[in-house]
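A.B. asks: Got a structure for you, written out below as structure tokens; questions coming shortly.
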Amino acid sequence: GAAYVPIDPSNPDDRIKHILQDTETKLVLTNVCYQDRLANINKSQSDKKEKLSSEIIALNSPNAKKLFSSHSSDNLSISTSSNNLAYVIYTSGTTGNPKGVM
């Protein structure tokens, strides 16, 4: 039900925002040191249609263990096949905007 999209923290905020928007990211797993920056990118918008709605979870935060312990640790019953997307890597793109390669 999801695909991995690596985001390099050395990328500029505009590139990260573009990737989050382009992939319509619902969940970002990160570390505490990047949480505030991602929250600011997530909130930033130049108009209403660009607003992001990603949930950001810092895996090394004190709240993460509590958050995850409240959910079942049973494996999900999801059927996947070779046709399911595993990840998207973003290249520089010839137009100046990053381009996702599936």
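The values are calculated or read from the model by the stated rules, or taken from the named source; none is laboratory data. Note that the structure is a prediction, hence the values are computed from the model and not measured. Heads up, the Cβs are rebuilt from the backbone with ideal geometry, glycines too, and the neighbour counts pull from every protein chain shown. The area values use the complete protein model at the heavy-atom level, side chains included, leaving out ligands, DNA and RNA. Shrake-Rupley method; radii C 1.70, N 1.55, O 1.52, S 1.80 Å.
A.B. asks: Once the dipole of the chain is set up with Lys and Arg at +1 and Asp and Glu at -1 on Cβ about the Cα centre, which of Val101, His18, Ala64 lies farthest towards its positive end?
C.D. replies: Farthest towards the positive pole: Ala64.
A.B. asks: Based on Cβ point charges of +1 for Lys and Arg and -1 for Asp and Glu, what charge dipole magnitude is obtained for the chain about its Cα centre, in debye rounded to the nearest 20?
C.D. replies: My answer is approximately 140 debye.
A.B. asks: Within the chain, what whole-number % of the accessible surface is contributed by carbon and sulfur, with the 1.4 Å probe and all protein chains included in the calculation?
C.D. replies: With neighbouring chains kept in place, the figure for the chain is 51 percent.
A.B. asks: What number of lysine-lysine pairs in the chain show an alpha-carbon separation below 15 angstrom, given a sequence spacing of 8 or more or placement on distinct chains?
C.D. replies: So the count works out to 9.
A.B. asks: Please give, to one decimal in nm, the separation of the simple spin-label points placed at Phe68 and Asn31, each 7 Å out from Cα toward the Cβ.
C.D. replies: Each label point is offset 7 Å from its Cα along the Cβ direction, giving 1.6 nm.
A.B. asks: Accessible area per residue of the chain at 1.4 Å probe, in Å²?
C.D. replies: 78 Å²
A.B. asks: Which of the peptides 4-10, 65-71, 35-41 is most tightly packed, and how do the rest follow, judged by the mean count of other Cβ atoms within 10 Å per residue?
C.D. replies: So the order, starting with the most tightly packed, is 35-41, 4-10, 65-71.
A.B. asks: Multiply the residue gap between Gln21 and Asn75 by 0.36 nm, knock off their C-alpha separation, and tell me the result in nm, one decimal place.
C.D. replies: Gain on stretching Gln21 to Asn75: 16.5 nm.
A.B. asks: Antiparallel versus total DSSP beta bridges in the chain: what percent is that, nearest 5?
C.D. replies: Antiparallel: roughly 40 percent of the beta bridges in the chain.
A.B. asks: Amide H neighbours of Val28 under 5 Å, counting only residues 5+ apart in sequence or on other chains, H built in-plane at 1.01 Å?
C.D. replies: Correct list: Glu55, Ile56, Ile57.
A.B. asks: Follow-up question, since we're still on this one. Which label marks the calculated value of Cα extents along the principal axes in Å, given the options (i) 44, 35, 27; (ii) 44, 32, 27; (iii) 52, 32, 18?
C.D. replies: Computing Cα extents along the principal axes in Å and matching it to (i) 44, 35, 27; (ii) 44, 32, 27; (iii) 52, 32, 18 gives (i).
A.B. asks: Multiply the residue separation of Ile89 and Asp13 by 0.36 nm, subtract the distance between their alpha-carbon atoms, and state the gained length in nm to one decimal.
C.D. replies: Full extension from Ile89 to Asp13 adds 25.7 nm.
A.B. asks: If you don't mind, another one. Could you work out the relative contact order of the chain, using alpha carbon pairs under 8 angstrom and six or more residues apart, expressed as a whole percent?
C.D. replies: 32 percent
A.B. asks: Based on DSSP H assignment, which helices of the chain show an axial Cα extent of at least 20 Å together with a mean Kyte-Doolittle hydropathy greater than or equal to 0.5?
C.D. replies: none
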